[in-house]
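The values are calculated or read from the model by the stated rules, or taken from the named source; none is laboratory data. Just so we're clear, the structure is a prediction, and the values are computed from it rather than from any experiment. Here the Cβ positions follow ideal geometry from the backbone for every residue, glycine too, while neighbour counts run over all protein chains shown. In case anyone asks, the SASA skips ligands and DNA or RNA and just uses the protein heavy atoms, side chains included. Shrake-Rupley method; radii C 1.70, N 1.55, O 1.52, S 1.80 Å.
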Amino acid sequence: MHNITSHRISLDDIETPAQCIAELILHSVALEKPVLWLVSGGSCIGVAVAVSEILSKNISDTAEIHVALVDERYGAQGHENSNWSQLMSAGFVTGSMHMNPILQTSSSVQETTEDYNIRIQKLLDRELTIIGLFGIGADGHTAGLLPNNSVSNSEKLYAHYDGLDFERITATPKMIGLAHHTVIYATGDTKKVAISELIESGAKSNLPAAVLWQNQNAALFSDQIK
């Protein structure tokens, strides 16, 4: 089991994890290595927007940064519950970055998922630095991997299933495990129990977010660290 570096922050501190991610991306850019930045929705949106603002001021148009979603709620392109739509509405600065939304056509969920697998695999066929921003839910989920999901053992990079509230397209543990650097942002009292279990049990936990504890270079930013 890998130990995750833990950082105690205040509830509203998005700048610290944002600076961490920005520095990782800028380091790869300085080495002239392309970057695949995996972005989460939900409570991580504020962090992602802060990172995009830092990058917009510090990278040239020649920097190769690809932005992809960790997960998406399936539906028509631009629907109000879409993680991508909420990210853009929050003020994400795209700049010269290469954006890779999951929902691009009116295809079925199966076709949309397969198309994203193909697009992401094409990126992975290159030598990329993969940097992931992940959250943890009160129920211990991460990405679109809810408890008792049906895709945790998938050999695909992205898979879909009926999450009851939405049909979900999510990065699988296989995809999450490819990240070279993982930054986890989880704040709020509702996440105290899940965070405590994950810190204590790590990859041995039965919570879906335990997959994040398998990454060698990972940092947890939370106000629920003792």
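Values computed for the structure shown
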read-out: Area of residue 62 that stays accessible when all protein chains are in place (1.4 Å probe, Å², to 10); value: 130 Å²
read-out: DSSP-assigned coil residues among trypsin sites (Lys or Arg not before Pro) in segment 81-150, each with at most 12 further Cβ atoms within 10 Å; value: 126
read-out: Per residue Cα convex hull volume in Å³ - calculated over segment 73-223; value: 130 Å³
read-out: Reachable aspartates and glutamates, given that their alpha-carbon falls under 19 Å from the alpha-carbon of residue 191 and they are not under 8 places away in the same chain; value: 12, 13, 139, 200, 223
read-out: Rounded if a/c under 1.5, otherwise prolate or oblate - segment 89-131, Cα gyration tensor axes; value: oblate
read-out: Simple spin-label estimate for residue 107 and residue 32 in nanometres, 7 Å along Cα-Cβ; value: 3.5 nm
read-out: The chain, accessible area per residue, ligands and nucleic acids excluded (1.4 Å, Å²); value: 46 Å²
read-out: 5 angstrom amide H check on residue 154, placed H, neighbours 5+ away; value: none
read-out: Length-normalised contact order of the chain in % [C-alpha pairs under 8 Å, at least 6 apart]; value: 27 percent
read-out: Shape category assigned to segment 106-165 from the gyration tensor of Cα positions, a/c cut at 1.5; value: oblate
read-out: DSSP loop GluC sites (Glu not before Pro) with at most 15 other Cβ within 10 Å: longest gap in the chain; value: 156-226
read-out: Of the trypsin sites (Lys or Arg not before Pro) in segment 1-87, those whose Cβ has at most 15 other Cβ within 10 Å and which sit in DSSP loop; value: none
read-out: Eligible lysines near residue 174 by straight Cα distance, threshold 18 Å, same-chain separation 8 or greater; value: 122, 156, 204
read-out: Cβ-Cβ FRET estimate between residue 190 and residue 162, R0 fixed at 22 Å, reported to 0.05; value: 0.35
read-out: DSSP-defined beta bridges in the chain - what % are antiparallel, rounded to 5; value: 25 percent
read-out: Residues whose placed amide H lies under 5 Å from that of residue 161, excluding near-sequence neighbours; value: 168
read-out: Residue 61 paired with residue 11, simple spin-label distance in nm, labels 7 Å along Cα-to-beta-carbon; value: 4.4 nm
read-out: DSSP bridge pairs, segment 59-190: antiparallel proportion in percent, nearest 5; value: 55 percent
read-out: Heavy-atom accessible surface of the chain: percent carbon and sulfur, 1.4 Å; value: 47 percent
